[in-house]
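The values are calculated or read from the model by the stated rules, or taken from the named source; none is laboratory data. The structure presented is a predicted model; accordingly, all values stated were derived computationally and were not measured. Neighbour counts run over all protein chains shown; Cβ positions are idealised from the backbone, glycine included. Protein only, heavy atoms only, side chains kept; ligands, DNA and RNA dropped before computing areas. Shrake-Rupley method; radii C 1.70, N 1.55, O 1.52, S 1.80 Å.
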Amino acid sequence: MGGDGLVSEAIEGLEPYKPGKPIEEVERELGVKAALKLASNENVWGPSPRALEAAQTALATLWLYPDAASHALRTALAEHHGVQRDNIVVGNGSNELIGMLVRCFVRPGQTVASSAGSFIAYAIAARSHGHRMIEAPLGRDAGYDLDALVDAVDETTRVIFIANPNNPTGTLIGGAALSRFLARLDAKVGGGPAGPPIVVLDEAYVDFVDRGDAPDGLAVWRARPRTVLLRTFSKAYGLAGLRVGYAICGAEVAGYLNRVRDPFNLNAVGQAAARAALADRGWLAEVVRQTIASRQALGAALEGLGLTVVPSQTNFVLVDVGQDAVAVNDRLMRRGVIARPVGGAGLDGHLRVTVGRPEDNRRFIEALTSVLGLGSDRQGIASEER
Ligand SMILES: *Cc1c(COP(=O)(O)O)cnc(C)c1O
């Protein structure tokens with residue numbers, strides 16, 4: 001296929017991003033009803049009712065282009081985080097910002113870095129722009145190996161992506177480890193003519209963190225201006241379908257990002273819904289509380305089946321099913337439950353499953369128990385929660 005020079009070798013070698021299977025597709029292809037999707041870390045509790053109301057209201061003026069500067073949303077975000085409006089850049093999902101960061105700050109011949117076993121969008125962004133992607137090996141605890149990452153980068157490395165907490169492993173880098181990494185990084189490659197590289201802390205799951213030693217991303221950014229924080233309304237705020245993400249960064253970095261930002265990249269409904277969702281602190285707190293409780297129950301149930309679970313700081317859990325995870329997921333889908341097989345980077349045989357409501361978890365555990373041929377006497381969650 002290809003090879004006729006229509007596209008670069010880099011693009012020829014890419015594979016399209018494979019999303020979790022949509023519910024309708026699984027139902028149609030496998031003839032199952034009421035499939036349960038736990039494949040894409042969506043928030044099963046959904047968004048604030050106030051966000052839905054704001055979205056409805058925004059429909060009335062859909063013939064107008066949206067506010068190209070997302071002024072009201074950026075003002076609200078700036079107030080919320082205690083930063084200036086000029087420190088906020090919005091994206092059509094944080095995925096768009098990942099691409100913009102590469103487009104802006106990496107030149108031909110330069111490189112992008114992250115870890116293996118992390119968010120696939122980083123490598124897609126790097127390679128589709130023709131840049132080499134440096135991937136440090138994943139640590140033995142399934143978290144980032146930050147020493148290996150420092151070792152792997154060089155003076156060509158201009159953007160480093162760190163998902164914290166990480167997807168698909170759910171692991172968190174603590175504040176002390178992150179500080180040590182940044183000091184080592186800047187000592188190694190920060191002295192070049194272009195200055196230190198941009199370090200992107202992708203905090204898509206930050207709301208679900210309950211560990212006391214988590215880094216304060218804003219403080220990290222204030223101390224090191226070439227840090228960019230990525231946030232999203234797709235996870236804890238439950239608005240994945242509307243595509244709203246944002247970066248918090250220095251005004252200089254923001255100015256460059258805005259130069260490459262597509263006009264009207266954030267749609268009007270998304271702007272309105274995100275603003276209302278941000279204001280509903282009670283809804284967010286309740287979703288987070290329920291997610292963390294449900295995460296603990298799900299982890300305990302999986303361990304009750306004798307499986308090894310990676311400790312999670314997110315709204316999903318990575319579990320070692322000890323066999324071909326693609327096959328396990330296929331069999332789960334025939335029982336109407338969609339999870340996500342993970343492979344490579346030492347994660348073969350692992351399944352990533354989104355934390356659901358207690359009844360969703362129960363359905364997943366029952367399906368997994370039967371798929372793995374484990375005894376029904378060991379259905380941890382049934383005894384856990386009843
Ligand atoms: C889900 C996720 C995002 C969010 O992407 P959006 O484009 O904002 O929906 C970003 N980073 C990571 C690591 C994620 O898992």
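Quick one: is SER70 crowded, with 21+ Cβ neighbours inside 10 Å, under 29 Å from ASP348 (Cα atoms) and within 16 Å of the ligand (Cβ to nearest atom)?
Working: crowded, with 21+ Cβ neighbours inside 10 Å: yes; under 29 Å from ASP348 (Cα atoms): no; within 16 Å of the ligand (Cβ to nearest atom): yes.
Criteria not met by SER70.
Could you pull out the residue among VAL287, VAL260 that is β-branched (Val, Ile, Thr) and assigned by TED's automatic domain parsing to the domain that holds HIS80? Give the steps one after another, and end with the answer.
Working: VAL287 fails: assigned by TED's automatic domain parsing to the domain that holds HIS80.
Exactly one residue qualifies, and that residue is VAL260.
Looking only at the range 31-41, count every residue that is under 28 Å from ALA121 (Cβ atoms) and surrounded by fewer than 19 Cβ atoms within 10 Å (Cβ to Cβ) and tell me the total.
To start, the set of residues in the range 31-41 that are under 28 Å from ALA121 (Cβ atoms) comprises 35-41.
After this cut, where a residue has to be surrounded by fewer than 19 Cβ atoms within 10 Å (Cβ to Cβ) as well, the list is 40.
Number satisfying all stated conditions: 1.
Quick check on ARG295: is it in a strand (DSSP E or B) and buried (at least 21 other Cβ atoms within 10 Å of the Cβ)?
On the way: in a strand (DSSP E or B): no; buried (at least 21 other Cβ atoms within 10 Å of the Cβ): yes.
Against the criterion (in a strand (DSSP E or B) and buried (at least 21 other Cβ atoms within 10 Å of the Cβ)), ARG295 does not qualify.
When you look at ILE160, is it away from the ligand (no atom under 15 Å from the Cβ), open to solvent by less than 40 Å² (accessible area, probe 1.4 Å), under 21 Å from the mean Cα position of the chain (by Cα) and farther than 30 Å from ALA293 by Cβ, yes or no?
Values: away from the ligand (no atom under 15 Å from the Cβ): no; open to solvent by less than 40 Å² (accessible area, probe 1.4 Å): yes; under 21 Å from the mean Cα position of the chain (by Cα): yes; farther than 30 Å from ALA293 by Cβ: yes.
For ILE160, the condition - away from the ligand (no atom under 15 Å from the Cβ), open to solvent by less than 40 Å² (accessible area, probe 1.4 Å), under 21 Å from the mean Cα position of the chain (by Cα) and farther than 30 Å from ALA293 by Cβ - is not met.
Working only within the range 320-347, note down all residues that are without any contact (Cβ under 8 Å) to a residue 24 or more places away in the chain, surrounded by fewer than 19 Cβ atoms within 10 Å (Cβ to Cβ) and not β-branched (Val, Ile, Thr). First the steps, then the outcome.
So in the range 320-347, the residues without any contact (Cβ under 8 Å) to a residue 24 or more places away in the chain come out as 326-327, 329-330, 341, 343.
With surrounded by fewer than 19 Cβ atoms within 10 Å (Cβ to Cβ) added as a condition, the list becomes 326-327, 330, 343.
Result: ALA327, ASP330, GLY343.
Regarding ARG243, is this residue over 17 Å from ILE162 (Cα atoms), in contact with a helix residue (DSSP H, G or I) (Cβ under 8 Å, 6 or more places away or on another chain), in contact (Cβ under 8 Å) with a residue 12 or more places away in the chain and more than 16 Å from the ligand (Cβ to nearest atom)? Lay out the reasoning, then the answer.
Numbers: over 17 Å from ILE162 (Cα atoms): yes; in contact with a helix residue (DSSP H, G or I) (Cβ under 8 Å, 6 or more places away or on another chain): yes; in contact (Cβ under 8 Å) with a residue 12 or more places away in the chain: yes; more than 16 Å from the ligand (Cβ to nearest atom): no.
Spelling it out, it is not the case that ARG243 is over 17 Å from ILE162 (Cα atoms), in contact with a helix residue (DSSP H, G or I) (Cβ under 8 Å, 6 or more places away or on another chain), in contact (Cβ under 8 Å) with a residue 12 or more places away in the chain and more than 16 Å from the ligand (Cβ to nearest atom).
Given the criteria buried (at least 18 other Cβ atoms within 10 Å of the Cβ), closer than 22 Å to TYR144 by Cβ and not assigned by TED's automatic domain parsing to the domain that holds PHE316, does PHE233 qualify? Give the derivation first.
Values: buried (at least 18 other Cβ atoms within 10 Å of the Cβ): yes; closer than 22 Å to TYR144 by Cβ: no; not assigned by TED's automatic domain parsing to the domain that holds PHE316: yes.
So PHE233 fails the test.
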